1. Scan the range 203-234 for residues that are buried (at least 16 other Cβ atoms within 10 Å of the Cβ), in contact with a strand residue (DSSP E or B) (Cβ under 6 Å, 6 or more places away or on another chain) and not in a loop (DSSP other than H, G, I, E, B) and report the count.
2. Hey, does the range 103-119 have a residue that's open to solvent by less than 10 Å² (accessible area, probe 1.4 Å), in contact with a strand residue (DSSP E or B) (Cβ under 9 Å, 6 or more places away or on another chain) and modelled with pLDDT of 70 or more?
3. So in the range 337-358, with the set limited to residues that are farther than 13 Å from F321 by Cα, more than 8 Å from the ligand (Cβ to nearest atom) and out of contact with any Gly (no Cβ under 7 Å at 6 or more places or on another chain), which one is most open to solvent (accessible area, probe 1.4 Å)?
4. Return yes or no: is S318 among the small types (G, A, S) and closer than 23 Å to N501 by Cβ?
5. Given (1) in a helix (DSSP H, G or I); (2) under 30 Å from K142 (Cβ atoms), identify the lone condition not met by E177.
6. Does I374 fit the bill of being of a type in the set (A, V, I, L, M), within 16 Å of the ligand (Cβ to nearest atom) and open to solvent by less than 30 Å² (accessible area, probe 1.4 Å)?
7. Among residues belonging to the range 136-157 that are without any contact (Cβ under 8 Å) to a residue 60 or more places away in the chain and not in a loop (DSSP other than H, G, I, E, B), point out the one that is nearest to D256 (Cα to Cα).
8. Any idea how many residues of the range 318-336 are more than 9 Å from the ligand (Cβ to nearest atom) and either of a type in the set (K, R) or not assigned by TED's automatic domain parsing to the domain that holds T493 (or both)?
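The values are calculated or read from the model by the stated rules, or taken from the named source; none is laboratory data. Keep in mind the model is a prediction, meaning the values are calculated, not measured. Cβ coordinates were reconstructed from backbone atoms using ideal geometry, including for glycine residues, and neighbour counts include every protein chain displayed. These accessible areas exclude ligands, DNA and RNA; they are computed on the full protein's heavy atoms, side chains included. Shrake-Rupley method; radii C 1.70, N 1.55, O 1.52, S 1.80 Å.
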Amino acid sequence: MLIALYARNSIDESVSPIEVQLTKCEAWAHKHGYKIIGKFLDETIIDQPVFERPGLSRLIDAVIDNNVFHIVMEHASVISENQLFLDAFYTKMDYLDITLETLKTHSFTPLTSIIGADNKRKLKLRRYADRKRASIISDAMKGKLPGGQIFGYDVGQSGIRKPNLIEAETVRWIFNEYREKQSIKRICNDLNNHNIPAPKGEGWSISTILGAKTRQTGLLRQSLYNGIFTFNKMAYKTNPKTGKRFSVVRPEKEWDHVPIPELALVDREIFEDVQNIINNVKYSRTRYLKSLPEERVMLVKEGAKTARGKRKKYIVGSNLFCGKCHEPLKTTRAGKYSCENKSCKNVQIFRDQIVVQVLKQLSIFTVEDLQAGIEELLSTEKSLSKERKLLKANLSENMSDIRNTEAHTEHRALQKEYNLSKVRLTEVDIAINNLALHDYEHKKLHKLHHKFIEIVQIYMTEPDNIELADRISACLERVEVIKNINKYDLQLTISISGILNRFLAPEN
Ligand SMILES: [Zn+2]
């Protein structure tokens, strides 16, 4: 296996000095028969933001260029002492299909998940030889996004985007208002009456906020507010008859998405609610098609056809993975899957048979299993809440320092510190929210478990029930399959937050 080593000097006592880290990692690689293709170092002790470190930044480039799929380091805190930065890093590496290995724990998995399961499925890097695309992805990973100004962010030195706190507040305010069913017209009036600066400086309008559905423009659809950068939406073509260039919207499944969790501005739940509201807004389809150039109409109609065909819902699909090489399983024909890896023998896997077996396994998921999972989430929440409290205290102290300081340079440093804490607070809030523990109490444990098992059993008798399929699939993070001669070996990863989300709140 080709691997890269990463080492960094750290104030954490469980981390050795950088030379020792390297020696240990080399010995480890030798012992396991790994071939080291590069060593990436960050020697400064100062804890720079993860994606601004030169060593790590070179590592990301090397990974994208050289097809390294594995990184070895002494200890996870070599990446960061901070769990949330660690998770942001993990999310990005996961997207690049890179696995991490530490000498102490051998394999590394994050405690929390910043990106929701639905988005995780969307976020899989499609590899193809395209230099320009690779360099956009590599830059985006480090917070350098192509394109112009995006409302809610500033572009700092070195081109890295940072949340702009004042604009971020405006973004959150708009999302909240819209979610509370305030009309867009009213929202625009409020913003204009209070002289809140608009993205293009021309005042707020319905199109600024709502934009267009096909191209997913408009502030309310900006996926970056949810920590995901989307690009490659448009393709540029030449009409062979007229020689005129025109742009078409690519099918949504060809768009590129890069996870940038540290740039999320809006609570995930709020973001998702708003997307649901927007997508249910009725509009006059005929009038809309009439307003489009001819070349685009076909594309829009095609898009609608695939959307209609997709209405059936299964509990497994994009959460299916090959148990041998851990690649996603791809549909080959309707209801039939094969490993994405061409040399792999894990082929001809039938969805219906998998579904039966998954349901059987889910029906023996015990209340103790559930309890253990919830306890893990609770301990994560505890440490996040502790950090939240500290941040809040720091912020108010920091604010009073800012008020009492006259000196310009000192003022700027304080302001910077304040901004960083504020961003961090948002991240912590988002992470806490994603745990989905808000309505959980211990006395609900048995009822929750009972409800889950009950729905699994009902679904066994009603396999066409889309709503039940949807709820169950939200709880299945990953299903690894190995096909043996006459049976399947399955390994399920159950999302406890998924269960809390979909079975705790009364539905219907
Ligand atoms: Zn395989």
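1. Adding up the residues that qualify gives 5.
2. no
3. Among residues in the range 337-358 that are farther than 13 Å from F321 by Cα, more than 8 Å from the ligand (Cβ to nearest atom) and out of contact with any Gly (no Cβ under 7 Å at 6 or more places or on another chain), the one most open to solvent (accessible area, probe 1.4 Å) is K342.
4. yes
5. Result: E177 passes all but (2).
6. Considered against the rule, which asks whether it is of a type in the set (A, V, I, L, M), within 16 Å of the ligand (Cβ to nearest atom) and open to solvent by less than 30 Å² (accessible area, probe 1.4 Å), I374 comes out as no.
7. Out of the qualifying residues, it is D139.
8. Residues in the range 318-336 being more than 9 Å from the ligand (Cβ to nearest atom) and either of a type in the set (K, R) or not assigned by TED's automatic domain parsing to the domain that holds T493 (or both): 3 in total.
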